[in-house]
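Computed from the coordinates by the stated procedures, all read-outs in this text should not be read as laboratory data. Source: prediction; values computed, not measured. Here the Cβ positions follow ideal geometry from the backbone for every residue, glycine too, while neighbour counts run over all protein chains shown.
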């Protein structure tokens, strides 16, 4: 009996299929420290227990993207081990902060399948959920990937394309229980800009850059138990390069956005995201943001900003797409998310 | 008075000598997180407190090899700082899991010495033990190393060669107190294969590969306070390469073996091991296993597999030695160990 | 409104100005483990809870230099983001150990300003203090930096040059409450040399070397939330090199000094320090020490050594300056500090 699994192919997915992902993970202060070593993360809420308590939380939570990465990592063996491309995200919501000591597991439901016209691949949509040790959902999101067929001759399934929303509305967003920004200490947080200081359409160049090393992106990706070969094995690609996990670029860009968005403390919604170009070690990653929308939240002192976060390898800031409508070759990531910020 | 020590030479060892190794070490959730960042470790018992409790343990223990590395690291200044080669291991047993908060120290007893015919080096056998803060032995093993003589003219000691067993028998293995695999969750652990599914002689190619970086092997080796120069100082060898700590390859291969041996949760016996060829940064490490023996254990639902774990830098899987009986140049490590797995 | 800050220029400092630095930081066992992974740190007091308790402390504290780095990192955005050079340190004192769970913040007072004769830069002196969650000062030090003027035409301020002491006297040093070295276990600590074994003028070559990797110095520097561009962004310098944070060399040299100064357990005073030459990845760092002074302390079994710690990239040991009185090009760091050691 073969002991290793070749992973699922397109034929193995059908709408309604539930995937219980393996290997639950207890996250601790160790993962928290590593997040600060691997990314230039400085948001005060994820840095200081005292600051978090002053904002009504029991202690400093893990970075919101860490919860995303853990859920993502667990889905890899069942969802994307044979994926050709990670095509998009939608309807991502953070429902509860993750604290040191929590144990996370993940489940996904297949919500759509559609064979491509070439007959060799198809698109699979899954809604993934991360749960803590009390069975509470901590985050959820939809992603869709292009997956190889096992056999090009196998019949195409009836296409099911889920009806996904372009963006979450503010009423979909969940504010962590107890969060209160009325006594927020702007000096301690690092910037004085509050919700009302940001205008729709405003763009911010986050100034700093980080040159990526192989050891760093591999440690980050392993930390979330994401073991997709292309991130670790330099013999997988003809050019001998290791493809950097797209989530590493997400965390790097989000951390860089501190410089100009230091008070956008919590990520609560993921409207969409595209990994526009592959990222490799040696590249210097920069970031800029654009304010897309604003909303007041039903929590004391809490507002929300809808932000576009663009990670690049340089070039002119604020350039996202070329005249032909395609992403500029400098753009690595185009992320559309909601963050909570003091009003 | 010279303040730095040149380390011990062959003349400084005699059977019965007790070496109390320096610098006790408290291990925490930080070391646990780093282990997951440095190796693609996914065994559920070392990943989730809840999974560990469902198996009868108080919480998730540190990886068994971490305990080995800590003991090994502590012995380096007294045993192998002037060693020419690390020749072998035998009679290794894990007697108690190590949990975050435990403080480990190490002691060794010299159990054999034998001068080599060249008169310039000799072989020293030591039995090393790691103890926790309650004085309980957490693991023990024998290793033998080739050590330089201080003075080639000094007389050879009477040779004492310990009588070491080729392999531990199942009755030598210690099952952690409370371990119970009767309600083991195979889905959550990642694979469905149980003890009875593995046949003696069966071989498993673990598929994945990891290209090693200098920063990673140095961080891993430092974490265990192993400060042997060749691992850190690129000026020590004429080729400017840093020799990777053999234990780094052990942990890497063991983590890679998850793919096919996900349920072989705990390492409890080390029958023997050879670092067949040196490993350097830039190499891509792969692994395969062979089932050597099987045993039922006196614990609910618990079986044991004796496994050969071979780490390579590629080449044909399952090739270990050449026709001349020597290790293939692709083989880095040949490890013979016992692991516990649900029956 | 611009959302990112260009940082302060020379004109923005005046004596008496108080700078409340942003982003408090809770340090945990995760930071402790990373310190051991990033540096060859082996001092027993920072390695073992049991050893620390046997010396009268409640548990093993973080490395003293970690507290220095955290305070330093917090001051960067307000003090040195536009600095041309980090010129010196003085009057540094560690007042209380930092334990996992502590939350640190930092404040600085400007204590001197002096415009340079070129009219384009000036020197700023600040006294920085790190405080824990109880408002207790854990450490303090003076540093001075050369800062660009925003406008070369702006008038020079009245020069104020603080009167700084060449060295702390033993009576300035603070012994952590409860510290007691009367039952100190020299075997467990790794060396037998006590306070009385060190003579003023004695020099120790610490033997070992570490070749530095980009990933390691960036992770270390990020861990302290020091985000000065030159350490992370390879496009900042014309030669494409990332300048290594001077504090990384301090921690590396201090860790290397274990070999010969294993019992110099706690750093309690920083008399002065010079980053003599820039350090880059690929260089192999070595260290030597010289005993400058000795003092008995008013605590059971506790003595103090004043030590010069010199980090180099090789060359002859014990060479610090050339015949012209300038630092040898091999010297990276010249640090003058007080450490506590058993009498």
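Across the copies of the chain, residue A:136 has label points (7 Å from Cα along Cα→Cβ) spaced 3.3, 3.3 nm apart, shortest distance listed first. Return the single residue from C:112, C:30, C:303 with maximal mean-square fluctuation; model: Gaussian network over chain C, springs between Cα atoms under 10 Å. So, out of C:112, C:30, C:303, the one fluctuating most is C:30.
Between the alpha-carbon centers of the range C:261-284 and the range A:306-338, tell me the distance in whole angstrom. Result: 42 Å between the Cα centres.
Considering every alpha-carbon pair of the range C:1-125, the percent of pairs per 10 Å bin, from zero through the bin containing the longest distance, is 11, 34, 28, 18, 8, 1.
Mean-square fluctuations from a GNM of chain C, with a 10 angstrom spring cutoff on Cα atoms, peak among C:49, C:12, C:102 at C:12. If you plug the beta carbon distance of residue A:280 and residue C:205 into 1/(1 + (r/R0)^6) with R0 = 51 Å, you get a FRET efficiency near 0.80. Summarising the label geometry, the points placed 7 Å from Cα in the beta-carbon direction at residue A:172 and residue C:118 lie 5.5 nm from one another. Placing a label point 7 Å from the Cα of residue B:180 along the Cα-to-Cβ direction, the residues of the range B:51-66 with a backbone N closer than 19 Å are B:51-61. Pairing the Cα long axis of helix C:214-223 with the longest principal axis of chain C, what angle in degrees results, from 0 to 90 and rounded to the nearest 10? Helix C:214-223 sits at roughly 90 degrees to that axis. Give me the Kirkwood hydrodynamic radius of the range C:151-264 in Å, from all C-alpha pairs, to one decimal place? Hydrodynamic radius (Kirkwood, Cα pairs) of the range C:151-264 is 19.0 Å. Plainly put, the tip 7 Å out from Cα toward Cβ on residue C:109 is 6.3, 6.3 nm from that tip on each other copy, the closest given first. In terms of Cα atoms, the Rg and Dmax of the range B:122-185 work out to 18.8, 63 Å. Restricting the calculation to Cα atoms, the range A:180-343 yields a radius of gyration followed by a Dmax of 17.0, 55 Å. Estimated from helical segments only, the mean residue ellipticity of chain C at 222 nm is -4500 deg cm²/dmol, where each DSSP H run of four or more residues counts as -39500 (n - 2.57). Once the mean of 1/r is taken over each pair of separate Cα atoms and inverted, chain C shows a Kirkwood hydrodynamic radius of 20.6 Å. The label point for residue B:328 and the one for residue A:53, both projected 7 Å from the Cα toward the Cβ, are 5.9 nm apart. Does the range A:54-106 come out rounded, prolate or oblate by the C-alpha gyration tensor, with a ≥ b ≥ c the root eigenvalues, rounded set by a/c under 1.5 and, if not, prolate when a/b is larger than b/c and oblate if not? It comes out prolate by the Cα gyration axes. The same position residue A:321 in the other copies lies at 6.4, 6.4 nm from this copy, comparing label points 7 Å beyond Cα toward the beta-carbon, shortest first.
Give the angle, between 0 and 90 degrees and rounded to the nearest 10, that separates the Cα long axis of helix A:246-256 from the longest principal axis of the Cα atoms of chain A. Helix A:246-256 and the main axis of chain A meet at about 10 degrees. The C-alpha atoms of chain B define a longest principal axis, and helix B:29-38 lies at about 90 degrees to it. Using only alpha carbons, the range C:269-343 has a radius of gyration to Kirkwood radius ratio (Rg to Rh) of 1.07.
Counting Cβ atoms of other protein chains within 10 Å of each residue's Cβ and taking the mean over peptide C:216-224 gives 6. Only alpha carbons enter this Debye calculation for the protein assembly as shown, each as an equal point scatterer, and the log10 of I(q)/I(0) it gives at q = 0.04, 0.05, 0.07 Å⁻¹ is -0.20, -0.31, -0.62. For the range C:98-207, the square roots a ≥ b ≥ c of the C-alpha gyration tensor eigenvalues yield an a/c of 1.5 or more together with a/b exceeding b/c, which makes the shape prolate.
Comparing B:22, B:67, B:44 in a Gaussian network model of chain B where C-alpha atoms under 10 Å apart are linked, the largest mean-square fluctuation is found at B:22.
Its relative contact order, with pairs defined as Cα atoms under 8 Å and 6+ residues apart, puts chain B at 19 percent.
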